[in-house]
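Here is the structure we will look at.
Derivation of every value follows stated rules applied to the coordinates shown; laboratory data play no part. Since we're looking at a predicted model, the values are computed, not measured. For neighbour counting, all protein chains shown are included, and Cβ atoms are generated from backbone atoms with ideal geometry for every residue, glycine included.
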Amino acid sequence: MNEEILINFSPMETRVAVIENGMLQEVHIERNDHRGIVGNIYLGKVVRVLPGMQAAFIEIGLERAGFIHVADIEPKNGQPDSDDVAQLVREGQTLLVQVLKDPISTKGARLTTQISIPSRYLVYLPDSNHVGISQRIEDETEKQRLKDCLEHYLAHPNGLLKETSEFTNEGVIVRTVAEGVNEQSLQQDVDFLRRLWRQVSQKIATGKAPQIIYQDLPLALRALRDIAHPQIEKIRIDSKETYQKAIEFVNQLVPDMAAKLEHYPGERPIFDLYNVEDEIQKALGCKVPLKSGGYIIIDQTEAMTTVDVNTGAYVGHRNLEETIFKTNLEAATAIGRQLRLRNLGGIVILDFIDMHDPEHQRQVARTLERALAKDHVKTKVLAVSELGLIQMTRKRTRESLEQLLCEPCSSCEGTGTNKTPETICYELFREILRAHRAYDTNTYLVLASQAVIDQLLDEEAHRLAELEQFIGKSISLRLEPMYGSEQYDVVLR
């Protein structure tokens with residue numbers, strides 16, 4: 001499998017694309033003046049405790065206060081475990097928190113007090129004695145090797161007994177990419193994280209809330225840490241400065257990756273070279289065509305994302321059941337890619353075409369799971385429901401591609417539809433009747449868009465005449481070219 005990472009840098013933004021066999025699989029975008037804050041650590045101040053919601057709002061220096069649920073609050077200083085938020089935090093208290101989810105729409109950042117700092121192979125847990133292993137590492141022998149190696153090294157910080165060192169309480173989670181990594185590389189990762197945590201601890205000791213204590217890496221370096229893996233063939237970077245930073249970063253953290261870094265000096269934009277721009281534009285639409293002639297419709301809402309599968313122009317070669325089965329198989333693979341590409345999170349409902357054969361249902365579900373296995377974001381898929389739907393979740397930490405690049409339509413205000421000219425005409429008629437009952441005026445002037453004026457002069461002309469006769473006043477019309485399709489005004493004269 002040919003897999004590459006493209007890093008496009010400009011003064012305005014940084015963009016990262018993951019290409020697999022020539023096809024775009026993921027795209028990450030970070031505006032240089034609006035970086036994401038997931039992973040950032042803040043010294044925050046509790047501004048409101050909500051016992052009814054078992055949550056609290058924390059001021060961390062952003063436009064909106066962050067939100068923390070009682071389940072994300074780790075008891076400190078001998079506090080007993082409790083599901084009562086009022087026993088764990090109080091208003092005015094200073095609290096060290098980390099961002100779990102970026103602010104999305106009108107919601108503030110989701111926070112936790114369970115601090116963790118990632119590196120290439122490990123996630124450092126400064127308040128835990130636990131050594132965890134990624135569930136995606138399936139080999140039990142390898143799991144035990146990694147666990148034994150790290151437990152021994154953590155128990156003897158810098159050659160000392162744990163109780164006599166400054167790292168008396170620390171743990172790690174082993175990331176998937178650490179599978180097969182030698183002991184020395186893992187120990188170097190631990191040393192790097194300890195040095196980093198020492199710097200963070202010094203900032204905490206002298207900090208004053210609200211204040212940022214630790215900021216996660218910029219997108220280009222984060223991609224090298226979190227997305228790149230041993231099977232990646234090339235990492236192409238179109239900025240000489242970013243390339244130099246990447247070389248320094250990988251030499252410090254993962255030297256084996258340095259040979260895969262490549263500076264792209266071409267005149268043609270790197271995203272155009274790999275057709276990434278066109279794929280991003282397609283990913284903002286709701287319809288995704290399938291090679292067979294079928295298609296899927298993706299509808300993203302505040303509550304959930306729904307995906308509907310249709311056979312479209314595909315008529316198959318044998319029978320209806322076989323046509324439906326092949327369409328669903330193709331759709332399952334496409335859905336796995338689209339979830340990654342669009343960065344869709346939260347609850348996802350998949351409405352495949354109804355299949356009566358249980359074996360076909362199982363094969364479609366397995367195909368979907370294989371497509372999702374490539375996703376570095378955590379997913380969970382449930383069995384096919386009685387209604388033939390597949391319910392799944394995908395962890396949401398950042399805005400989706402649509403939320404990042406688009407805003408609600410100023411005309412439809414996010415509904416996705418506009419009222420018909422006929423509907424606007426009838427609203428106008430009712431508005432004139434209300435004005436007639438409330439005010440004494442000689443004539444009425446209607447200001448509206450081209451479509452509404454045309455409707456009033458054509459299909460609704462007789463009703464307009466009937467209304468004039470009913471109220472005993474004349475109604476004149478004026479076109480306002482700048483008005484939207486649903487915008488109008490009734491002026492009393």
Which of the listed residues, ASN319, SER411, MET355, is farthest toward the dipole's positive end in region 319-461, when Lys, Arg count +1 and Asp, Glu count -1 at the beta-carbon? MET355
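Report the charge-dipole magnitude of region 236-298 in Debye, nearest 20, computed about the Cα centre from +1 at each Lys and Arg Cβ and -1 at each Asp and Glu Cβ.
Using only the charged Cβ atoms, the result is roughly 280 debye.
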CD proxy, 222 nm, the chain: helix-only mean residue ellipticity via -39,500 (n - 2.57) per DSSP H run with n ≥ 4, per residue, nearest 500, stands at -10000 deg cm²/dmol
Given backbone amide H placed at 1.01 Å from N, residues whose amide H is under 5 Å from that of LEU95, ignoring those fewer than 5 places away on the same chain, are GLY44, LYS45, VAL46
Counting pairs of alpha carbon atoms under 8 Å apart in space and at least six apart in sequence, what relative contact order in percent does the chain give? 12 percent
Among VAL27, ILE335, LEU467, pick out the residue whose Cα is farthest towards the positive end of the charge dipole of the chain, where Lys and Arg carry +1 and Asp and Glu carry -1 on C-beta, about the Cα centre. VAL27
Loop only per DSSP, at most 16 neighbouring Cβ atoms within 10 Å: give me the GluC sites (Glu not before Pro) in region 242-342, ordered by residue number. GLU267, GLU302
How much FRET efficiency would the formula 1/(1 + (r/R0)^6) give for ASN129 and ASP489, where r is the Cβ-Cβ distance and R0 is 60 Å, rounded to 0.05? 0.30
Between rounded, prolate and oblate, where does region 419-493 land on the alpha carbon gyration tensor, with a ≥ b ≥ c its root eigenvalues, rounded for a/c under 1.5, else prolate if a/b exceeds b/c? prolate
Excluding residues fewer than 8 positions from LYS76 in its own chain, the lysines with Cα under 29 Å of it are LYS45, LYS101, LYS107, LYS147, LYS162, LYS203, LYS208, LYS378, LYS395
Over the chain, consider all pairs of different Cα atoms and compute the Kirkwood hydrodynamic radius from their mean reciprocal separation; express it in Å, one decimal. 27.1 Å
Considering only the chain, percent of DSSP beta bridges that pair antiparallel, nearest 5: 75 percent
Cα-based reach from LYS326 at 20 Å (exclusive), listing lysines while leaving out same-chain residues under 8 positions away: LYS287, LYS291
